1. Along the Cα-to-Cβ line of residue 419, 7 Å from the Cα, sits a label point; which residues in the range 377-407 have backbone N less than 12 Å from it?
2. Could you list 365, 103 in order of exposure, starting from the residue whose Cβ has the fewest other Cβ atoms within 10 Å?
3. Order 63-73, 126-136, 402-412, 380-390 from most to least packed using the mean count of other Cβ atoms within 10 Å.
4. Using a 10 Å cut-off around each Cβ, can you sort 187, 23 from fewest to most neighbouring Cβ atoms?
5. For a quick check: sort 321, 62 by the number of other beta carbons within 10 angstrom, fewest at the front.
6. Quickly rank 346-352, 168-174 as a protection proxy: mean count of other C-beta atoms within 10 Å, highest first.
7. Which order do the peptides 301-311, 35-45 come out in when sorted by mean C-beta neighbours inside 10 angstrom, highest first?
8. With only alpha-carbon pairs counted, each pair once and no self-pairs, how large is the Kirkwood hydrodynamic radius of the range 349-464 in angstroms?
């Protein structure tokens, strides 16, 4: 296994979070069948570990603002939490059949691994990190929802064939790596914004071909062995310049002996003494600066099918998330209401809400009628009568629905009061609808206690709802 390379601090700051998944492997069907049960201990422990990570993250945020980088103990813990989470998710989504270790540390023998090399961070980026990360958060949520939907199909296929299809493996690996990079950026483990969702486009440069999805190890560096040097080619002190011009090379001459040291070799070494400069060994050859070198990377190569599936997961997850937010909240509200409140309470509250919508429609209709400039015109009178008739029908519907509810005898008086108030209001509306003109209509509203009857319905409804609890 290639170990991470120590880089200069400026290069480390531009290092993304790297995740290794390996390639798809055969899996045991019993572990696939009970995968959700087997992952429960890992999930429980990871919950408590993540709670500690939240505390460390808050403290690390202040530390990064003050120091311009995360303290090293915080880095080790947060990297370990992200690594552990990536292993548990990879095991849950069938990317590996090996059970994850209960550890924050690296494990070269485990198929899934994660590395990060944090460096200095810009304090302004730390200050507004929660705002900067929002777009990546939206993408991550959509990807996770899409993967959850696709995991059902993946589980069925793996259970039958004993192997996760390569296309699903590549798409799931791309999603989990993007999620790990999002977490790393949020936790200030890197200054590189989450990217490369569709795999590494520079994979061709490392000699890989996208015939199979997965993590490809970079090639080992090759060293050219030095050509053997013959005795004739060994430069000797005092020999002519290698290019044949000028005096002997001074740099090849042995240094002058220090005072007190013999000028030549001891007599017993004279036969083997040869003041030559040996050719440099490969280790002595100066290496180029490492700032231009990237970290040890685990390139993720995706086939064309895996890339398209990743895009499908993104779109599918976004649609699923929106649907659950719209309809799930309504279903949850209805479920909570049915558990906390009795059925009669829910029925009365629903009927009252719909009657209130009729009141809003009446007010909008009256505003439309006021657009007519002549209050004595037949057009305005017809408009007002239609508005009143519609509100009367809505109120009558409220009264009818109350009569269909099976109330307990203990709330009989409250039910009777509400039905009486609604009946009186319907009668008032019917009288208003028979007025000969708009002027008489306005006068009747002011003299009949119209608003008082509306307030009475509201108060009697509230009293009934309280009695039903």
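Rule-based calculations on the coordinates, nothing more; no lab input. Just so you know, these numbers come straight off a predicted model, no measurement behind them. Virtual Cβ from ideal backbone geometry, glycine too; neighbours counted across all protein chains shown.
1. Under cut-off, by backbone N: 399-407.
2. Listed from fewest to most nearby Cβ atoms, that is 103, 365.
3. For the peptides 63-73, 126-136, 402-412, 380-390, the packing ranking is 380-390, 63-73, 126-136, 402-412.
4. Fewest to most other Cβ atoms nearby, the residues stand as 23, 187.
5. 62, 321
6. 168-174, 346-352
7. 301-311, 35-45
8. Here the Kirkwood hydrodynamic radius works out to 15.0 Å.
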